[in-house]
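Working notes for the structure below.
Values in this text are rule-based calculations from the coordinates and carry no lab data. It should be emphasised that the depicted structure is a prediction, and the values quoted were computed from it without experimental measurement. Positions of Cβ are generated from backbone atoms using ideal geometry, with glycine treated the same way; all protein chains shown enter the neighbour counts.
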Amino acid sequence: MSTPVDFTRKFVFEQADVRGEFARLHESFRQILEIHQYAPAVGKLIGEFLAASVLLSTTIKFEGRLILQAESSGEIPLIMAECSSDLQVRAIARGAEQATSQEFGSLLRNGRLAITIESDAGQRYQGIVPLGGAGLASCIEHYFENSEQLPTRLWLASDTQRASGLLLQQLPAHLVSDAEARARHWEQLHTLADTVTTGELLELEHERLLTRLFLEDPLKLFPAASAAFACSCSRQRCHDALTAISARELEEILTAQGHISMDCEFCNQRYLFARDDLREPLDTDAAHAVH
Ligand SMILES: [Zn+2]
C-alpha cells in the first residue's frame, strides 16, 4: 500500500519503551498557503505549526481537535494551526503582512503558545507556555516537561512546499523496568534523532529516514494515516456568531450594506445573510428591549 501524500505514521521501538511518529504535509500545506499571501518566513512557520498540530493531535482519545495558537508582540501577532482527530487540518497567520524577519524570536517576540484540546462534546483543556527564541519544537517540549507529561521531543521542518515533523515520546515502563536502562534508551534515541537534518525531514522517504536514524534499534511501523485540508466553518456557525451581536448593530450594517457578509479566514468561503435570514437575532434582541 502506498503512503498518502499527506500523512502521519506512528511507530514503536521493539526494545525500548519509546514511541515515535512521523508526519509530512504537502498538498494540504499548499492549499493553506494559497488562501492568503504570506511572507516566506511566515508560511514556513505555518508549516511547522501544522506539522506539530498533526503530531500532537494523534494523542487525543476522543472526537475533537487540537489547536496550537500563538500570540505575540512580534511581526506575527497571531498564528494558529488546528488538526482534528480525523486529521483534517487548517491554519492561519493574522496581521503578519509586514513580516520581514526570518528569526523565530522576532516573528513571535514576547509570545505565548496555547495548546488547546477541544472535544466535539464540549470539553476543553488548555495549557499555556511562553515562547522563547529557540523555536516551536523546543516550546512544545517545555510544555510537556512543565505539565509533567511523558518526556517528549519534536523535530519540525518546513519550507513553502512541505512541512514535516518527527516526534519521540518515552512510554511508561513496559518492556524495560530498570530506571537507568530506560533513561539510557531515551537518551540514545533522542540523541540519534538530533542528527536529523531539515533536508532529510522534508525530502527523504520516511522509512529510509527512520532506518538512517535508528539503524540498530528495530522499530515497528503502524499503517500511515492520511491527513487533509478541510475547514470546519459553516453557515450555521456564522449565523450563531451573528446572534452574539446586538440587533441595533445588525440593523446598522443591514441598512448600510443591504446584507451581512462574513468571510471565513481559514478557507475564504463567503457567507451572505439578508435581513430575512436574521429574523432570530433581530427579534430576540427586540424582545429583550421590550421587557
Ligand atoms: Zn472556512
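Select from the stretch 1-49 those GluC sites (Glu not before Pro) which occupy a DSSP coil region and have at most 12 other Cβ atoms within 10 Å, ordered by residue number. Walk me through the intermediate numbers first.
Working: sites: Glu14, Glu21, Glu27, Glu34, Glu48; in loops: Glu14.
In loop regions of the stretch 1-49 (DSSP not H, G, I, E or B), the sparsely surrounded GluC sites (Glu not before Pro) are Glu14.
By DSSP, the beta bridges lying fully in the stretch 7-229 are antiparallel in about 95 percent of cases.
Taking 4.7 Å between C-beta atoms as the pairing limit, the chain has these partnerless cysteines: Cys83, Cys139, Cys238. Annotation for the stretch 8-60: chymotrypsin sites (Phe, Trp or Tyr not before Pro) lying in DSSP loop with at most 11 further Cβ atoms inside 10 Å of their Cβ do not exist. The alpha-carbon of Lys220 sits under 13 angstrom from the alpha-carbons of these aspartates and glutamates, leaving out residues fewer than 8 places away in its chain: Glu14, Asp17, Glu21, Glu207.
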